[in-house]
Amino acid sequence: MQEFLQRTLAWLVALVVLGLGLWGALGAVTALVGVLVGLVLWLSFHLYHLALLLRWLRNPQAERVPDGFGSWHVVFMSLYAQVRSQNQSKRKLTSALERFINAGEAMPDGVVVLDEHDRIEWLNPMAVEHLGLDRKQDIGNQILNLIRQPAFHSYMREESYSQPLTLRFAQPRETVLSVQLVPFDSTRKLLLTRDITQFERVQTVHRDFVANVSHELRTPLTVIGGFLETFAEMPDADAATLQQFLPMMLEQSRRMQSLVEDLLTLSRLENSAKLQAEKVDMDELMETLRVEAEGLSKGRHTIVVQKDTPRWLWGNPGELHSAFGNLVSNAVRYTPEGGTITLRWRTDGERLVFSVSDTGIGIPREHLPRLTERFYRVDRGRSRGNGGTGLGLAIVKHVLARHRARLDIQSEPDRGSTFSVQFCPEESADPERR
Ligand code: ADP
């Protein structure tokens, strides 16, 4: 500004000096004409630059600011500097806004921005997925018209949003959402949604598991407690009477012991991070399983062993023994006297397969998908009666998952079952194939 005034004043002073010079040398009339011509030139100069300014204002881009002369050069330079700094801050703001929008779009939780009348202003893709909204059509619509659940309506009305609300949806698939409103900007609200379906499922499994374990332990404890109370009431009981009860108490305590052992095995499997694998001698393992089957069967069944594949398997010997042992023990326990149990170690195409077949009671088809769930039994009484804990196949499932193997169950009621464990070709311990 100061430079502009200085330059303008310098022009005026020059004009006055010119006028005075002309007056002294050529007389008053010449001086007047000279000053007049000077003023007209001066005015044209400013009018020309004003026209340049007006033209630029119609399309004000920094790179098109005119150059200008003299004082106008100063004006245009400062205009140029201002437009550039404005453009820069605009660019910064735009990119900050873009970053915020991108962050909102990428968020794993749903975000809906609501205006003062609870109409949707903006929403991210996760909110679309969680709430089944349409990103184009639902903008501007009232959220209460789109989420019809009464619990959500009361939550919106209460206006105390410190706690999230749990909403359950049956369509298009079963989902549980945690929904929370966060007021901001004095009138607007953020609606945040989080999918907690998996978390709820884990909680339910956990609750069921604790209830099942307590139930399984309560029965033997009640029996043992009952006997002990009876003993306490008859201090003079003779040895023969005590002998009558002791085997029953022993059976119940063994039941608790197997349950606790199976629970510890499951917990070890769940907590041990990496599989400690080594070469497993399948000849040796098959022989151990045969001896164990004979021991459990006590001569009531025919035990057959068949092997027609490489001797070595890559895995954890203890875990594989535990899984295969469970399958063998089930075959013995669910096969009536006189039946046959066949243990096989064979190759099926590319895969190595361990299987246990029996000619036992079999399993109705509808139970097959749930057999490996903890405490799932086809016939509760029968399983408990023959010492089952309901955890055997859950242990098998865990061990196989750690060995990247698959369990296949074929069964027909009253005809028998075959449980096959299929290993990937890479699990063979043959160095050529690893
Ligand atoms: P359990 O300790 O009850 O045997 P498992 O997890 O080993 O528990 O097996 C789950 C259920 O699967 C058993 O209760 C039984 O009903 C069924 N089952 C397992 N193996 C056999 C089999 N070989 N024949 C018939 N039913 C079986």
Treat every Asp and Glu Cβ in the stretch 278-429 as -1 and every Lys and Arg Cβ as +1, leave all other atoms uncharged, and give the resulting dipole magnitude about the Cα centre to the nearest 20 debye. 540 debye
Rank 29, 182, 213 by mean-square fluctuation in a GNM of the chain with C-alpha springs under 10 angstrom and give only the top-ranked residue. 29
Summing +1 per Lys or Arg and -1 per Asp or Glu among the other residues with Cβ less than 14 Å from residue 223's Cβ gives +1
Can you give me the solvent accessible area of residue 418 with a 1.4 Å probe, rounded to the nearest 10 Å²? 40 Å²
Taking amide H atoms as placed 1.01 Å from N in the peptide plane, list the residues 5 or more away in sequence, or in a different chain, whose amide H sits under 5 Å from that of residue 165. 179, 180
Solvent-accessible area per residue for the stretch 107-195 at a 1.4 Å probe radius, Å²? 59 Å²
Once amide H atoms are built 1.01 Å from N in the peptide plane, which residues 5 or more positions from residue 314, or in another chain, come under 5 Å H to H? 280, 428, 429
Hey, in the GNM for the chain with a 10 angstrom Cα cutoff, which one of 355, 78, 160 fluctuates hardest? 78
Amide H within-cut-off set for residue 305, under 5 Å, with H built and near neighbours excluded: 343
Please grab the % of Cα pairs in the stretch 201-271 that end up more than 18 Å from each other. 53 percent
Å² of accessible area per residue within the stretch 201-271, as computed with a 1.4 Å probe and no ligands counted: 70 Å²
Could you list the trypsin sites (Lys or Arg not before Pro) in the stretch 47-146 that lie in coil according to DSSP, counting only those with at most 11 other Cβ atoms within 10 Å of their Cβ? 136
So what are the ³J(HN,Hα) numbers for the stretch 197-205, from phi and the Karplus equation (6.51, -1.76, 1.60; θ = phi - 60°), rounded to whole Hz, Gly and Pro as x? 4, 5, 4, 4, 4, 4, 4, 5, 4
Could you order 283, 109, 236, 308 so the one with the most accessible surface comes first? Probe is 1.4 Å. 236, 308, 283, 109
Which one, 291, 203, 228, projects farthest toward the positive side of the charge dipole computed for the stretch 202-339 from Cβ point charges (K/R +1, D/E -1)? 203
Express the relative contact order of the chain as a whole percentage, based on alpha carbon pairs under 8 Å and six or more residues apart in sequence. 9 percent
Considering only DSSP states other than H, G, I, E and B, which chymotrypsin sites (Phe, Trp or Tyr not before Pro) in the stretch 69-129 qualify as loop sites with at most 16 other Cβ atoms within 10 Å? 69
How large a share of the accessible area of the chain, in percent, is made up of carbon and sulfur atoms when the probe is 1.4 Å and the other protein chains stay in place? 57 percent
Which one of 241, 219, 288 has the biggest mean-square fluctuation once the chain is modelled by GNM with Cα springs under 10 Å? 241
What does the charge count around residue 266 come to, taking other residues whose C-beta lies under 15 Å from its C-beta (Lys +1, Arg +1, Asp -1, Glu -1)? -3
Ordered by residue, what ³J(HN,Hα) values in Hz, to whole numbers, does the stretch 31-40 give under the Karplus form 6.51 cos²θ - 1.76 cosθ + 1.60, where θ = phi - 60° and Gly and Pro are x? 4, 4, 5, x, 5, 4, 4, x, 5, 4
Compute the accessible area per residue over the stretch 301-427, keeping the other protein chains in place, probe 1.4 Å, unit Å². 44 Å²
Whole-Hz Karplus couplings 3J(HN,Hα) for the stretch 358-370, θ = phi - 60° and coefficients 6.51, -1.76, 1.60, Gly and Pro as x, run 9, 10, x, 6, x, 9, x, 3, 5, 8, 4, x, 9
With all protein chains modelled, accessible area of residue 248 [1.4 Å, Å²]: 90 Å²
Roughly how many debye, to the nearest 20, is the charge dipole of the chain about its Cα centre, given +1 on each Lys and Arg Cβ, -1 on each Asp and Glu Cβ, and no other charges? 1640 debye
When the charge dipole of the chain is computed with +1 at the Cβ of Lys and Arg and -1 at the Cβ of Asp and Glu, the Cα pointing farthest to the positive end, of 140, 127, 15, is that of 15
Can you find, among 357, 419, 375, the residue farthest towards the positive end of the dipole of the stretch 335-434? Put +1 on the C-beta of Lys and Arg, -1 on that of Asp and Glu. 375
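The values are calculated or read from the model by the stated rules, or taken from the named source; none is laboratory data. Just so it is clear, the model here is predicted, and its values are computed rather than measured. FYI the Cβ positions are ideal-geometry reconstructions off the backbone, even for glycines, and counts take in every protein chain you see. Keep in mind that these areas ignore ligands, DNA and RNA; they rest on the heavy atoms of the full protein, side chains included. Shrake-Rupley method; radii C 1.70, N 1.55, O 1.52, S 1.80 Å.
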